[in-house]
Amino acid sequence: MKAVRIHSFGDAGVLKLEDVPKPAIGPDEVLVKVAACGVNPVDWKIREGFMEQMVHYALPLTLGWDVAGTVAETGALVRRFNEGDAVFCRPDTLRNGGYAEYVAVKTIELASAPRSIPLDHAAGIPLASQAAWMALFEVAGLKPGQKVLIHGASGGLGTFGVQFAKAAGAYVIGTTSAKNAGLVKSLGADEIIDHTSEDFSRKLKGMDVVFDTIGGETQAKSWGVLKKGGVLVSSVGADEKAAAANGVIGRSFVLNSNGARLQEISGLVDAGKVTVIIDKVLPLAEAKTAHELSQSGHAKGKIILNV
Ligand SMILES: NC(=O)c1ccc[n+]([C@@H]2O[C@H](COP(=O)([O-])OP(=O)(O)OC[C@H]3O[C@@H](n4cnc5c(N)ncnc54)[C@H](OP(=O)(O)O)[C@@H]3O)[C@@H](O)[C@H]2O)c1
């Protein structure tokens, strides 16, 4: 099969389209024929070698942990899925990913893909939507009527975060740049703050929750906008000492992929309550361009590789 792999860490030039063996599956696994694979910041962070302090990756490695496709083969113990089913998942990031014609995944990670959108759009959902869901509801415990500030509201996590928070009955404020303000409003944000021309920390106070997908100065300025005891949840790591010094809570998380959670999100998509915003769909052979766009930090929603 064709796959895009890396043999060494480095810039986007290390991505190579190659012929590789089809993966073998275990008894509780499914072989997915990949229709499309979402591109996420973790892909280029692993490619650059930035994750090596946390996890050691054996090379060569197939990147891509956001997959939609059809079941090509099932392991002996698999009952919930059958050949030909349309599925999607965030495969285990410690294994070979989905920049490939086939990927082996555990059934516990798998859900039925939404029927109302094409598979190349569904591929943008599993990783970012689950990260936003986990951050807002499982880590920060966002409740109806609370005020939430979502940084990076036009990005992968932010576009889902705004929709989930709004659907849960929260008052939603998003930071983005002026060019994406209309998009973020259309997803349900009550207020937008342009991070290129306005200082959110001068405009806001008393927030119950901040969802930080940016870090750095954005996070440092966020402690002061929370009410006492409020929660900042960060996808890039929260500075817990700074949180404590400000009388608020700082929480980090690492996404655990969960087919049941993803199935619930799939249902929300089919019910028309949540949509996936697609920046670009590119052919697999253009993985380099996709990485460069993701690494720019200014993707609008999701970038997809069509396999
Ligand atoms: N902990 C976990 O398990 C986990 C899971 C998923 C993702 N992550 C991490 O979370 C981060 C976000 O992921 P993502 O997929 O959402 O990234 P992304 O899609 O690449 O985010 C891009 C968006 O960020 C916006 N942005 C850039 N600088 C900004 C600023 N200063 N203020 C407000 N918005 C700004 C951009 O808007 P403009 O173009 O309008 O500026 C753009 O739309 C990444 O570092 C990723 O690795 C962690």
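Rule-based calculations on the coordinates, nothing more; no lab input. All of these numbers come straight from a predicted model, not from anything done at the bench. Cβ: placed from backbone, ideal geometry, glycine included. Neighbour counts: every protein chain shown.
Expected output is a single nm value to one decimal: the length gained when fully extending between N256 and D92, i.e. 0.36 nm times separation in residues minus the C-alpha distance. What is it? Don't jump to the answer; show the numbers that get you there.
Numbers: separation 164, 0.36 × 164 = 59.04 nm, distance 0.88 nm.
This chain segment gains 58.2 nm when fully extended.
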Principal axes of segment 128-252: Cα extent on each, largest first, Å: 36, 31, 24
Kirkwood hydrodynamic radius of segment 256-307, from inverse mean 1/r over distinct Cα pairs, in Å: 12.7
Sites T196 and D19, calculated FRET efficiency, Cβ-Cβ separation with R0 45 Å, nearest 0.05: 0.50
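I need the Kirkwood Rh of the chain: take the reciprocal of the average 1/r across all distinct C-alpha pairs and report it in angstrom. Spell out each step's value before the answer.
Details: mean 1/r = 0.0511 Å⁻¹.
So the Kirkwood estimate lands at 19.6 Å.
DSSP beta bridges in the chain, what fraction antiparallel, as a percent rounded to 5?
Details: 30 of 56 bridges.
For the chain, the DSSP antiparallel bridge percentage is about 55.
Rounded to the nearest 5, what is the percent of antiparallel bridges among the DSSP beta bridges in segment 215-307? Display every interim value, and only then the final one.
Numbers: 0 of 9 bridges.
Beta bridges within segment 215-307, antiparallel portion: roughly 0 percent.
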Segment 233-306 and segment 114-136: distance between their alpha carbon centers, rounded to Å: 9
Local net charge near E286, Cβ-Cβ under 11 Å (Lys/Arg +1, Asp/Glu -1): +1
Cα centroid separation - segment 84-100 against segment 145-214, whole Å: 30
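Can you show me the helix-derived [θ] at 222 nm for the chain, built from DSSP H runs with n ≥ 4 at -39,500 (n - 2.57) apiece and divided by the number of residues, rounded to the nearest 500. The partial results should precede the final answer.
Details: 10 runs with 74 residues, N = 307.
Mean residue ellipticity at 222 nm (helix-derived): -6000 deg cm²/dmol.
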Extended-chain gain in nm, criterion 0.36 nm per residue less alpha-carbon gap, S296 and A168: 43.0 nm
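Only four residue types carry charge here, +1 at the Cβ of Lys and Arg and -1 at the Cβ of Asp and Glu. Report the dipole size of segment 128-252 about the Cα centre in Debye, rounded to the nearest 20.
260
What are the GluC sites (Glu not before Pro) within segment 71-102 that DSSP puts in a loop, where the Cβ has at most 14 other Cβ atoms within 10 Å?
On the way: sites: E73, E83, E101; in loops: E83, E101.
Qualifying residues, ordered by number: E83.
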Antiparallel bridges, percent of DSSP beta bridges restricted to segment 43-173 (to nearest 5): 70
